[in-house]
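What follows is a short report on a single structure.
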Amino acid sequence: MKKLTVLGATGSIGVSTLDVVARHPDRFQVVALTGNSRIEVLYQQCLQHRPRYAVVGRPEDAAAVGARLSDAGVATEVLAGPQALEFVAALPEVDAVMAAIVGAAGLMPTLAAVRAGKQVLLANKEALVMAGQLFMAEVKAHRATLLPIDSEHNAVFQSLPADYAGQPARAGVSRILLTASGGPFRTTPHEALRAVTPEAACAHPNWSMGRKISVDSATLMNKGLEVIEAHWLFGLAPEQIEVVVHPQSVIHSLVQYIDGSVLAELGNPDMRTPIAHALAWPERVAAGVAPLDLPAIARLDFERPDLERFPCLGLAYRALAAGGNAATVLNAANEVAVAAFLDGQLPFLGISEVIGATLDAIPVEEMPDLAAILATDAHARNIASEMLQRCRA
Ligand code: NAD
Ligand code: MG
């Protein structure tokens with residue numbers, strides 16, 4: 001029996017994770033679930049999975065949910081706050097932690113799981129983007145196992161040899177190709193991007209996801225964050241990571257070897273496939289995903305990304321090349337800009353402007369430790385908030 005903590009259980013990835021878990025009660029047991037604000041969803045999940053612990057954002061919600069669960073005969077202990085997230089991520093009885101909190105809020109609990117030497121199923125790409133070097137050093141020091149949930153990185157992981165160990169040259173890997181759907185605005189002319197709404201940006205053609213990553217997909221910053229994520233996960237230089245737009249989202253990413261072979265993982269665009277892969281790894285379990293019907297799909301298309309219309313992808317490559325604090329700054333500025341866009345406070349094209357201006361304003365420096373990373377994150381959020389005023393028009 002594999003014992004699990006699901007961080008971010010109430011989100012898109014969390015719900016898909018519990019869907020796979022519920023299909024295999026003989027294999028997986030939920031020890032802890034966490035959710036920030038969708039309290040009713042968390043309550044229902046606790047009724048179904050009966051975890052030992054649940055964690056919410058606010059103490060008053062913890063008391064209310066705990067009382068309701070107790071009335072329903074469920075003995076879940078309900079805790080609140082960031083310390084409680086770290087506590088359930090590091091529980092001695094837990095084998096694997098699904099890290100599916102969105103954004104920088106996921107860094108500390110995900111690191112807690114790493115430091116406890118867990119199997120970490122990593123969906124929270126922002127944690128790796130903002131703290132890549134330290135994060136990977138902690139994985140090594142504490143012998144944690146990192147299994148990528150992001151569909152592209154899961155596809156690359158599946159297309160690499162089992163003993164890859166972050167060494168492309170030894171494995172004969174020349175580069176990887178990360179596929180991108182191109183998002184809802186793939187064919188939208190630049191002028192029309194000025195007026196797009198949060199609702200249009202969140203209507204992704206292939207994947208159903210949380211609102212922040214949906215906007216990231218619309219700007220192509222999601223692919224930019226994934227380039228940085230791939231750099232840390234697979235030990236590849238920036239020039240070994242190529243992005244190719246593939247609107248059908250059937251090929252989830254590819255690995256090219258020095259002999260010309262290209263290996264890929266294909267499937268329907270459903271996150272339950274990478275989730276099931278990581279949950280059962282190195283075995284396989286059913287995920288509830290429909291089998292791929294290639295004749296029905298009929299064709300697969302590919303094109304190069306348009307960096308003129310989608311400058312966020314170029315900004316991410318720039319931050320990766322700069323090193324030091326640049327990816328932390330990029331991630332923080334993006335979170336501020338996307339929140340402002342979703343709130344109706346910033347036009348779509350302002351997102352890349354805020355990020356570019358924040359990168360310009362903060363000199364590149366080394367990031368010696370966690371304190372420096374957290375300070376840079378906070379500083380970059382302040383600068384990005386100032387830039388919002390300028391980019392609002
Ligand atoms: P979501 O918005 O649907 O869910 C986010 C989860 O994080 C929720 O459970 C929420 O309660 C929790 N959360 C948010 N803020 C929090 C805070 N301050 N403290 C504690 N918990 C908090 O997001 P999602 O789409 O499930 O994405 C989760 C992560 O997975 C993101 O990092 C995203 O980039 C990554 N990811 C998602 C998908 C997808 O298909 N949805 C695919 C690949 C990667
Ligand atoms: Mg992805």
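Numerical summary
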{"quantity": "Extreme residue, nearest to the chain's Cα centre (by Cα), among residues of the stretch 290-325 that are assigned to a helix (DSSP H, G or I) and among the small types (G, A, S)", "calculated": "A316"}
{"quantity": "One residue from L85, L111, L107 being crowded, with 18+ Cβ neighbours inside 10 Å, away from ligand 1 (no atom under 13 Å from the Cβ) and under 27 Å from A339 (Cβ atoms)", "calculated": "L111"}
{"quantity": "Options T179, T187; residue that is more than 19 Å from the chain's Cα centre (by Cα) and either more than 16 Å from ligand 1 (Cβ to nearest atom) or not charged (D, E, K, R) (or both)", "calculated": "T187"}
{"quantity": "Some residue of the stretch 314-327 being of a type in the set (S, T, N, Q) and touching a helix residue (DSSP H, G or I) at 6+ places or on another chain (Cβ under 6 Å)", "calculated": "yes"}
{"quantity": "Residues (away from ligand 2 (no atom under 11 Å from the Cβ) and touching a His at 6+ places or on another chain (Cβ under 9 Å)) located in the stretch 210-236", "calculated": "S214, A218, L233, F234"}
{"quantity": "Wholly enclosed helices (runs of 4 or more DSSP H) of the stretch 117-209 bearing at least 3 residues within 16 Å of ligand 2 (Cβ to nearest atom) and surrounded by 19 or more Cβ atoms within 10 Å (Cβ to Cβ)", "calculated": "125-141, 151-159"}
{"quantity": "Index of the failed condition, G166 passing every other in (1) closer than 17 Å to A278 by Cα; (2) assigned by TED's automatic domain parsing to the domain that holds I251", "calculated": "(1)"}
{"quantity": "Test: residue in the stretch 223-234 that is more than 16 Å from ligand 1 (Cβ to nearest atom) and buried (at least 17 other Cβ atoms within 10 Å of the Cβ)", "calculated": "yes"}
{"quantity": "Every residue from the stretch 1-29 that is within 11 Å of ligand 1 (Cβ to nearest atom) and outside any helix (DSSP H, G or I)", "calculated": "V6, L7, G8, A9, T10, G11"}
{"quantity": "Candidate set: the stretch 1-13, residues that are crowded, with 22+ Cβ neighbours inside 10 Å and away from ligand 2 (no atom under 16 Å from the Cβ); chosen: the one farthest from R52 (Cα to Cα)", "calculated": "T10"}
{"quantity": "Among residues of the stretch 314-347, those that are in contact with a Pro (Cβ under 9 Å, 6 or more places away or on another chain) and buried (at least 21 other Cβ atoms within 10 Å of the Cβ), counted", "calculated": "3"}
{"quantity": "Residue check, T17 of a type in the set (V, I, T) and within 16 Å of ligand 2 (Cβ to nearest atom)", "calculated": "yes"}
{"quantity": "Cross-chain or 6+ apart pairs with Cβ under 6 Å, the stretch 192-211 first and under 15 Å from G350 (Cβ atoms), then within 16 Å of ligand 2 (Cβ to nearest atom) and at pLDDT 95 or above", "calculated": "A201/V215; A201/A218"}
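Okay, residues lined up against (1) closer than 17 Å to T34 by Cα; (2) under 17 Å from the mean Cα position of the chain (by Cα); (3) more than 11 Å from ligand 1 (Cβ to nearest atom):
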site: A72; (1), (2), (3): no, no, yes
site: V78; (1), (2), (3): yes, no, yes
site: V102; (1), (2), (3): yes, yes, no
site: N124; (1), (2), (3): yes, yes, no
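The values are calculated or read from the model by the stated rules, or taken from the named source; none is laboratory data. In this text, all values refer to a predicted model and were calculated from it rather than measured experimentally. Heads up, the Cβs are rebuilt from the backbone with ideal geometry, glycines too, and the neighbour counts pull from every protein chain shown.
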